[in-house]
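Notes to accompany the following structure.
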Amino acid sequence: MHPPSVDSVANALLEHLKHELPKSICVDIARKVIEENKANKDVALSAEETIEKAKDEAVSYLKNTLTEVVNATGVLLHTNLGRAPVGFSQEPFYSNLELNLKTGERGSRQKHAADLFASLVGAEAGLIVNNCAAAITLILAALASGKGVAVSRGELVEIGGGFRVPEVIEASTAKLVEVGTTNRTRLKDYDRAIRKHSVELCLKVHKSNYTVKGFSESVSVKELSSLSVPVVVDLGSGLLDAACPWLEDLGVGPPKWLKDEPAAKQTLLEGADLVAFSGDKLLGGSQAGIILGNHELVKKCAKHPLARAFRPGTITISACRDLAMKYLHRKGSEIPFWQMATIPVENLKTRAKAICEKVKSSSISYAPCFSTTGGGTLPNVEIPSFGIHIKGADEIKAKLREFEVPIIARVIDDNTIIDMRTVLLAQDDILVKALKSL
Ligand SMILES: *Cc1c(COP(=O)(O)O)cnc(C)c1O
């Protein structure tokens with residue numbers, strides 16, 4: 001039996017995927033499948049079977065490049081799913097990224113969004129970099145290179161994805177000076193460290209993804225601000241203001257589950273000299289790292305050579321600018337993360353019920369469940385939600401992931417759960433279609 005030619009298989013793939021997959025990649029896939037078939041002497045595939053196999057590979061190739069999915073996990077900031085949902089569609093454009101339109105001279109890319117965030121929290125100045133890890137590395141390199149940085153032993157945390165506080169400090173060329181103990185750190189521990197070692201900075205790190213219960217004690221930002229060195233707070237999550245004024249527009253106040261979460265505005269008011277946080281956690285935007293606070297310190301960060309290495313591009317700056325404007329206009333309803341996080345359970349129940357009624361299957365039902373914020377934020381917090389429960393576990397979960405718009409669900413006991421809180425409104429029809437096909 002003659003194997004089909006690479007060209008004929010590649011052309012079949014181009015046609016099958018309506019030319020969405022470039023020719024060179026179709027050729028690579030065709031060649032690979034034909035070679036594999038040759039190597040496998042036991043079960044030689046016919047020409048048709050070879051083409052079918054190549055089609056499966058091509059579809060899977062295309063899908064595994066960045067594609068839209070349905071987040072049915074109930075985890076609002078799922079790191080594997082890109083944390084906060086972000087949108088962009090923009091024709092190519094030139095911008096005044098680094099042009100001062102008033103003077104015609106070179107301007108700063110940091111003016112467009114960083115200043116807006118600074119004004120949101122009443123900070124003197126701001127700087128935007130690629131993520132919070134970059135923000136912390138830059139701050140330490142710019143303000144404490146070769147000098148001591150005091151951190152409580154209870155805050156030497158690992159956030160996940162390689163962010164470990166001692167290693168970040170090492171990479172920044174600052175020197176870690178550990179103070180206190182794992183469970184208890186007091187102001188006099190910091191005081192002693194400043195006197196005995198050449199400590200230039202105190203770094204307070206939000207524990208983010210775990211809690212300490214029992215015999216524990218930590219030092220507040222207010223107490224730290226009485227020390228003789230600047231206080232930098234790595235907030236991680238990026239809640240801007242504990243009062244959440246942008247939620248008025250959604251007709252709700254600050255959710256109960258946020259009550260222990262430190263916010264940028266209040267942390268600065270308590271006396272932090274700088275705060276840093278992510279753009280894509282509770283801020284609900286694109287990946288970015290935002291530094292806000294004292295003008296002189298921000299200036300030092302901006303002038304450090306690493307600021308060039310960590311600087312964001314037009315797309316990030318543009319997304320941050322638009323997000324900051326939404327916060328300034330107090331339009332929580334236009335920030336998908338906040339809209340989803342605060343949507344009443346009743347609405348989720350109505351949607352789950354409507355979907356079940358359309359699908360009409362005895363193996364699905366709707367019932368309460370719990371969402372989480374995720375993304376290494378707010379451990380132990382459960383947000384009441386409503387979901388579609390499908391009989392069957394891992395096999396169903398895998399099938400949903402294979403759907404044309406992959407649906408990422410969660411398994412609890414013997415059921416696969418589709419949590420409606422994290423499903424975008426526009427995706428309900430995708431669910432109906434997928435569930436009917438199961
Ligand atoms: C998440 C987190 C980081 C890392 O933020 P990225 O934006 O992912 O780099 C750093 N510090 C804390 C406390 C965090 O929670």
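So, in Å, what gap is there between the alpha-carbon centers of segment 282-349 and segment 162-233?
26 Å
Report ³J(HN,Hα) in whole Hz for each residue of segment 77-83, in order, from the Karplus equation J = 6.51 cos²θ - 1.76 cosθ + 1.60 where θ = phi - 60°; Gly and Pro get x.
3J(HN,Hα) across segment 77-83, in whole Hz: 10, 7, 4, 5, 9, x, 6.
Measure up LYS256/LYS358; LYS63/LYS111; LYS358/LYS399; LYS213/LYS331; LYS265/LYS326 against 27 Å on the Cα-Cα distance and list the ones that go over.
LYS256/LYS358; LYS63/LYS111; LYS213/LYS331
Taking only Cα atoms of segment 118-174, what ratio of Rg to Rh do you get with Rh as the Kirkwood inverse-distance radius?
1.01
Along Cα→Cβ, 7 Å out, is where each label goes; now give me the distance between the ones at SER60 and VAL405 in nm to one decimal.
Output for this residue pair reads 2.4 nm.
Take the alpha carbon atoms of segment 377-411, find their center, do the same for segment 18-86, and report the distance between the two centers in whole angstrom.
Their Cα centres are 23 Å away from one another.
For helix 132-144, what angle does its Cα long axis make with the longest principal axis of the chain, in degrees from 0 to 90 and rounded to 10?
The angle comes out near 30 degrees.
Provide the packing ranking of 382-391, 48-57, i.e. peptides ordered by the mean count of other C-beta atoms within 10 Å per residue, highest first.
With the highest mean Cβ count within 10 Å placed first, the list reads 382-391, 48-57.
Taking Cα pairs under 8 Å and at least six residues apart, what relative contact order does the chain come out at, in percent?
19 percent
What nm value, rounded to one decimal, do you get for the distance between ARG184 and LYS353 when each label is placed 7 Å out toward the C-beta?
So the two model labels end up 5.4 nm from each other.
Multiply the residue separation of HIS2 and SER226 by 0.36 nm, subtract the distance between their alpha-carbon atoms, and state the gained length in nm to one decimal.
Result for the pair: 72.5 nm of gain on full extension.
Please compute the length gained on full extension between VAL252 and GLU15, using 0.36 nm multiplied by the number of residues separating them and subtracting their Cα-Cα distance.
Gain on stretching VAL252 to GLU15: 80.2 nm.
Once R0 is set to 25 Å, what does the formula 1/(1 + (r/R0)^6) return for the Cβ-Cβ distance between ARG195 and GLU170, expressed as a FRET efficiency to the nearest 0.05?
0.60
Using Cα atoms only, what is the angle between the long axis of helix 314-328 and the major principal axis of the chain, expressed in degrees (0 to 90) to the nearest 10?
70 degrees
SER46 label point, 7 Å along Cα→Cβ, cut-off 17 Å on backbone N: hits in segment 1-38?
Inside the label zone: 1-5, 9.
Rounded, prolate or oblate: which one fits segment 72-160, using the alpha carbon gyration tensor with axes a ≥ b ≥ c (rounded when a/c is under 1.5, else prolate when a/b beats b/c, else oblate)?
Judged from the Cα gyration tensor, segment 72-160 comes out oblate (a/c at least 1.5, b/c at or above a/b).
With springs only between Cα atoms under 10 Å, which of ASN415, ASN380, ASN40 fluctuates most in a Gaussian network model of the chain?
ASN40
Taking all protein chains in place and a 1.4 Å probe, what share, in percent, of the accessible surface of the chain do carbon and sulfur account for?
Answer for the chain: carbon and sulfur cover 52 percent of the accessible area.
For segment 411-424, just list the computed ³J(HN,Hα) in residue order, Karplus coefficients 6.51, -1.76 and 1.60, θ = phi - 60°, integers in Hz, with x standing in for Gly and Pro.
Calculated HN-Hα couplings, in order: 10, 10, 6, 9, 10, 9, 10, 9, 7, 6, 4, 9, 8, 5 Hz.
Of the peptides 394-404, 83-93, how do they stack up when ordered by the mean number of other Cβ atoms within 10 Å, highest first?
The packing order, highest mean first, is 394-404, 83-93.
For the pair GLU105/LYS360, report the inter-label distance in nm, with labels modelled 7 Å from Cα in the Cβ direction.
With each label point 7 Å from Cα toward Cβ, the separation is 7.3 nm.
Per residue of the chain, what 222 nm ellipticity follows from adding -39500 (n - 2.57) for every DSSP H run with n ≥ 4, rounded to the nearest 500?
That comes out to -11000 deg cm²/dmol.
Are there chymotrypsin sites (Phe, Trp or Tyr not before Pro) in segment 137-235 that DSSP puts in a loop and that have at most 11 other Cβ atoms within 10 Å, and which ones?
Filter output for segment 137-235: TYR210, PHE215.
Which ³J(HN,Hα) values, rounded to whole Hz and listed in residue order, are derived for segment 145-152 from phi using the Karplus coefficients 6.51, -1.76 and 1.60 in 6.51 cos²θ - 1.76 cosθ + 1.60 with θ = phi - 60°, glycine and proline given as x?
So the J values, rounded to whole Hz, are 4, x, 10, x, 10, 7, 9, 5.
Using 0.36 nm per residue of separation minus the Cα-Cα distance, give me the extension gain between HIS295 and VAL432 in nm, one decimal.
44.1 nm
If I fit a long axis through the Cα atoms of helix 6-16 and take the longest principal axis of the Cα atoms of the chain, what angle between them do I get, 0 to 90°, rounded to 10?
70 degrees
Only Cα pairs within less than 10 Å get springs; with that Gaussian network setup on the chain, which residue of ALA354, ALA118, ALA150 has the largest fluctuation?
ALA354
Scan around CYS369 for amide H atoms under 5 Å from its own, H built in the peptide plane at 1.01 Å from N, and keep only partners 5 or more places away or cross-chain.
SER385, PHE386, GLY387
Expressed in whole Å with the largest first, what are the equivalent ellipsoid semi-axes of segment 30-105 derived from the C-alpha gyration tensor as the square root of 5 times each eigenvalue?
Taking √(5λ) for each Cα gyration eigenvalue gives 46, 21, 10 Å.
Considering only DSSP states other than H, G, I, E and B, which trypsin sites (Lys or Arg not before Pro) in segment 330-363 qualify as loop sites with at most 11 other Cβ atoms within 10 Å?
Loop-located and lightly packed - LYS360.
Label segment 215-325 by shape, choosing from rounded, prolate and oblate, from the square roots a ≥ b ≥ c of the eigenvalues of the Cα gyration tensor; if a/c is under 1.5 it is rounded, and otherwise prolate applies when a/b is larger than b/c, oblate when it is not.
Verdict is oblate for segment 215-325.
Kirkwood-based Rg over Rh for the chain (C-alpha set), two decimals?
With Rg and the Kirkwood Rh in hand, the quotient comes to 1.05.
The values are calculated or read from the model by the stated rules, or taken from the named source; none is laboratory data. These numbers come from a predicted model, not from an experiment. Reconstructed Cβ throughout: ideal geometry from the backbone, glycine too, with neighbour counts over all protein chains shown. When the accessible area is computed, the model is the full protein with side chains, heavy atoms only, and any ligands, DNA or RNA have been set aside. Shrake-Rupley method; radii C 1.70, N 1.55, O 1.52, S 1.80 Å.
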